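Below is one structure, written out as structure tokens; comments come after it.
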Amino acid sequence: MNIDSKVGDSKDGDTKAGASIPVIRNVGIVGAGQMGSGIAHVCGLAGYDVILTDIAQEPLDKAMGAIDRNLGRQAGRGRITEEQKATAIGHITTAVGMDALGDVDIVIEAATENEDIKRQILIDLCTKVRPDTILATNTSSISVTRLAAVTDRPGRFIGMHFMNPVPMMKLVELIRGIATEPDVFEAVRQLAVSLDKTPAAAEDFPAFIVNRILMPMLNEAIYTLYEGVGTVESIDTSMKLGANHPMGPLELADFIGLDTALAIMQVLYEGLADTKYRPCPLLVKYVEAGWLGRKSGRGFYDYSGDTPVPTR
């Protein structure tokens with residue numbers, strides 16, 4: 001695969017006078033969780049050299065295992081060949097800490113949806129990478145402009161919000177901060193296209209497009225459960241059969257992670273100052289209890305057995 005034919009180089013044209021589209025040949029990723037490993041998966045499969053980093057070796061090993069399994073599923077379904085699977089894995093290396101990111105063209109921050117954690121990562125990251133390296137955040141709700149402001153390169157900073165699970169979902173939201181340069185936006189847009197994704201531009205408002213619409217619906221489903229209007233099973237069945245949704249809202253909330261859902265609702269509530277975005281008290285209680293959904297083994301469903309069982 002010839003990456004240069006898919007991602008702009010200095011001959012691809014200017015987005016403004018005197019500005020050429022930055023070349024992206026390799027990718028750094030900070031955070032080896034579900035999102036970071038998914039981004040590494042699609043970047044490796046597209047032919048980019050990837051450095052996947054985290055604070056310890058254990059999550060990196062877990063991520064590489066997940067990438068291998070998910071590529072294996074794609075190969076088993078005939079979507080890729082075994083050779084493509086092996087090549088993709090060969091493009092991905094792992095590293096503890098961010099020192100290995102010194103010579104990458106773009107770094108995608110994919111840490112947990114916590115602004116303080118993201119800000120500290122970005123501050124530290126600026127001391128590790130080249131001055132011309134593009135920084136992107138996979139935040140699903142936090143102000144891109146505010147995150148960009150803690151870096152030494154607000155003009156080379158952008159939101160690149162992948163959907164979960166990354167290998168399956170086609171959309172990538174691209175969010176300009178107030179200072180994001182047009183050529184940087186275009187380079188990242190072309191990167192998304194080269195990953196076989198469809199980019200959609202979103203303005204830098206709380207939760208952007210998808211989560212601005214999706215999370216209040218999930219929160220309302222939790223209110224419906226909280227107020228006794230329906231059980232977990234009846235709510236999910238109603239939305240699957242009555243609205244033709246592939247997953248019920250409570251099942252989807254468990255899949256996303258109840259802590260992530262709560263964090264996004266808090267961003268909406270605080271950022272827009274509207275009571276319609278108030279997180280449901282039941283969602284808060286579940287997160288306080290550590291019932292975070294699939295990743296913790298319990299949320300609105302109990303995942304300890306072969307088949308998920310509703311918990312209410």
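Summary of values
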read-out	value
Positive-end residue of Ala56, Gly33, Val96, charge dipole of the range 16-100 with Cβ unit charges	Gly33
Cα-based convex hull, the range 105-193, per residue volume (Å³, whole number)	87
Counted charge near Asn138, where neighbours are those whose Cβ lies closer than 12 Å (Asp, Glu -1; Lys, Arg +1)	-2
The range 32-59-the range 136-161 distance, computed between alpha-carbon centres (Å)	19
Test item: Cα-centred dipole of the range 37-185, Lys/Arg +1 and Asp/Glu -1 on Cβ, debye	500
For the range 15-160: relative contact order, % (alpha-carbon pairs under 8 angstrom, 6 or more apart)	24
Sorted by Cβ neighbour density within 10 Å, fewest at the top, the residues Thr198, Thr224, Thr275, Thr139	Thr275, Thr198, Thr224, Thr139
Residue exposure sequence - Cys43, Cys280 - by fewest surrounding Cβ within 10 Å	Cys280, Cys43
Ranking of Ser141, Ser194, Ser234 by count of other Cβ atoms within 10 Å, fewest first	Ser234, Ser194, Ser141
Average projected area [Cα convex hull, the range 49-206], square nanometres	8.9
For the range 15-71, size of Cβ-based charge dipole, Lys and Arg +1, Asp and Glu -1, in debye	300
Where only C-alpha atoms are counted, convex hull volume of the range 13-133 per residue in Å³	124
Principal axis dimensions, largest first and in whole angstrom, of the chain by Cα	60, 47, 36
Cut-off of 10 Å, at most 13 other beta carbons, DSSP loop: longest stretch of the chain lacking such GluC sites (Glu not before Pro)	1-202
Debye log10 I(q)/I(0) for the range 212-312, one point scatterer per Cα, at q = 0.10, 0.15, 0.17, 0.21 Å⁻¹	-0.24, -0.55, -0.70, -1.07
Cβ-based charge dipole, the chain, positive-most Cα from Phe157, Ala86, Asn219	Asn219
In sequence order, calculated HN-Hα J values of the range 269-277 (Karplus, 6.51, -1.76, 1.60; Hz; x Gly/Pro)	5, 6, x, 10, 6, 10, 5, 5, 9
Convex hull of Cα atoms in the range 59-117, direction-averaged projection (nm²)	5.5
Ellipticity estimate at 222 nm from DSSP helix runs (n ≥ 4, -39,500 (n - 2.57)) divided over the chain, nearest 500	-13000 deg cm²/dmol
Across Lys85/Lys128; Lys128/Lys276; Lys62/Lys276; Lys85/Lys285; Lys197/Lys285; Lys118/Lys240, pairs whose alpha-carbon gap is larger than 32 Å	Lys128/Lys276; Lys62/Lys276; Lys85/Lys285; Lys197/Lys285; Lys118/Lys240
Point-charge dipole on Cβ atoms (K/R +1, D/E -1) for the chain, about Cα centre, debye to 20	440
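Bear in mind these aren't lab numbers, they're just calculated from the coordinates by the rules spelled out. These numbers come from a predicted model, not from an experiment. Positions of Cβ are backbone-derived with ideal geometry, glycine not excepted, and every protein chain shown enters the neighbour counts.
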